[in-house]
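Below is one structure, written out as structure tokens, with a few remarks after it.
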Amino acid sequence: MLWFIGTGISGYTSLTVEALDIIKKAHYVYLEQFTSPIKHAFVNEIKEITTSKFIMAPRWKLEDGNEILKNAKNKNVVVLVYGDPYVATTHIDLRIRANREKIKTKTIHASSSITSIIGECGLHHYKLGRITTIINNLKMTYTPYHVIYRNMIEDNHSVLLLEFNYDKKFFLDPKTALNNLLAIEKLEKRKVITANTYAIVASRVGYEDQNIIAGKISSLCKINFGDPPHTIIIIGSLHFTEHDAIKNLLMCTDEPISNSSNLKTITEQLLNAYIPKLNETVNHLLHTCTEKEIIDLLDNAISYSKDARQFFIDRQNEIAMLSIGYAEGLVDALKFMSGSVKLKRFG
């Protein structure tokens, strides 16, 4: 039998009576140590109630899984996981492998840090966008940057998990993560993350020294958040009840604001750049050309340009980009049709 037991977010006191009973009777108890920092007091408390073998399990042991599965074939084995057992895909994979090997599995779920943080901040769960992880590598920060961008476009909040390495005793500091996002913004220039972007840093949620601070990134980067674990939330669009919750329940360095309202989609950014240049070129040619074939093509280019804007208004972004692409193609074609017409490429 292989048990997956969530420890919850508050340490030993989060464990249910059923979970404690199963741990006491288990032949092997594996406490995974890679999804979040674990306090020494909790480790000692689990050791005290374990009547058989207690094993601290690093990432490789869970990912390899062979030892755990071998023991679970004829013994009762427990895998203890911070928060809820199946937030980490590694544990789901281990359960799948156990099922394939005809090993019976059972689960005791517990509170997850992700759902708990959303609730503690007073945010709406249905507005949670794709979750992403930031590691201490600037180049690898492009992915979370674009995840935040897509979430924000859809008015959703972004939960950012921070790199944790148990072997190196390393947990990415929230200020480093925020500064890395600002550095990517300087390269991308999409105005997704700025000094005025509103964010929340939730530290040690579930513990007695829980601390949650909200404010603009410029303010948060001046704060010492203390010991991990930490989680960052980049705000999307705030409902008035979320605004009130942040202001009344959290420590705020700045007035809560939405980040989504002034953000433009990539399509809108491109159309705003392409259409004026296209129209300028076409209008110039209409005043200088007399050839009917060229004028007809220019009229078509204008029509495609207008269509692109309307498709964007109708939220048909892909068709909008196709339309402006057709318009640009027609204007470029004129360059080859008549040597007497000089065109300036606008793209």
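The values are calculated or read from the model by the stated rules, or taken from the named source; none is laboratory data. Values in this document were obtained by computation on a predicted structure and should not be read as measured data. FYI the Cβ positions are ideal-geometry reconstructions off the backbone, even for glycines, and counts take in every protein chain you see.
Numerical summary
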| item | result |
| --- | --- |
| Test: residue in the range 179-193 that is of a type in the set (Val, Ile, Thr) and surrounded by fewer than 20 Cβ atoms within 10 Å (Cβ to Cβ) | no |
| In the range 188-219, the residues that are assigned to a strand (DSSP E or B) and either touching a residue at least 60 places away in the same chain (Cβ under 8 Å) or of a type outside the set (Gly, Ala, Ser) (or both) | TYR198, ILE200, VAL201, ALA202, ASN211, ILE212, ILE213, ALA214, LYS216 |
| Test: residue in the range 59-73 that is at pLDDT below 90 and under 30 Å from ASN211 (Cα atoms) | yes |
| Residue in the range 251-262 that is closer than 30 Å to LYS175 by Cβ and outside any loop (DSSP other than H, G, I, E, B) present | yes |
| Tally of residues being within 30 Å of the chain's Cα centre (by Cα) and either touching a residue at least 24 places away in the same chain (Cβ under 8 Å) or buried (at least 21 other Cβ atoms within 10 Å of the Cβ) (or both) across the range 72-92 | 12 |
| Filter result for ASP21 (acidic (Asp, Glu) and either exposed (fewer than 14 other Cβ atoms within 10 Å of the Cβ) or without any contact (Cβ under 8 Å) to a residue 40 or more places away in the chain (or both)) | yes |
| Residue satisfying condition, being touching a helix residue (DSSP H, G or I) at 6+ places or on another chain (Cβ under 7 Å) and over 24 Å from THR7 (Cβ atoms), within set THR143, THR194, THR176 | THR194 |
| For SER260: the one exception among (1) buried (at least 19 other Cβ atoms within 10 Å of the Cβ); (2) within 18 Å of MET152 (Cα to Cα); (3) among the small types (Gly, Ala, Ser) | (1) |
| From the options LYS222, LYS175, residue that is part of a helix (DSSP H, G or I) and at pLDDT 95 or above | LYS175 |
| Condition met for SER158 (under 20 Å from HIS243 (Cβ atoms), modelled with pLDDT of 95 or more and not in a strand (DSSP E or B)) | no |
| Any hit, the range 274-282, residues being in contact with a Leu (Cβ under 7 Å, 6 or more places away or on another chain) and either among the polar types (S, T, N, Q) or farther than 28 Å from LYS191 by Cα (or both) | yes |
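This table checks each residue for (1) closer than 29 Å to ILE213 by Cα; (2) touching a Gly at 6+ places or on another chain (Cβ under 9 Å); (3) assigned to a helix (DSSP H, G or I); (4) touching a residue at least 60 places away in the same chain (Cβ under 8 Å).
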| site | (1), (2), (3), (4) |
| --- | --- |
| GLU280 | no, no, yes, yes |
| GLU293 | no, no, yes, no |
| ASP299 | no, no, yes, no |
| ILE302 | no, no, yes, no |
| ARG309 | no, no, yes, no |
| SER323 | no, no, yes, no |
| GLU328 | no, yes, yes, no |
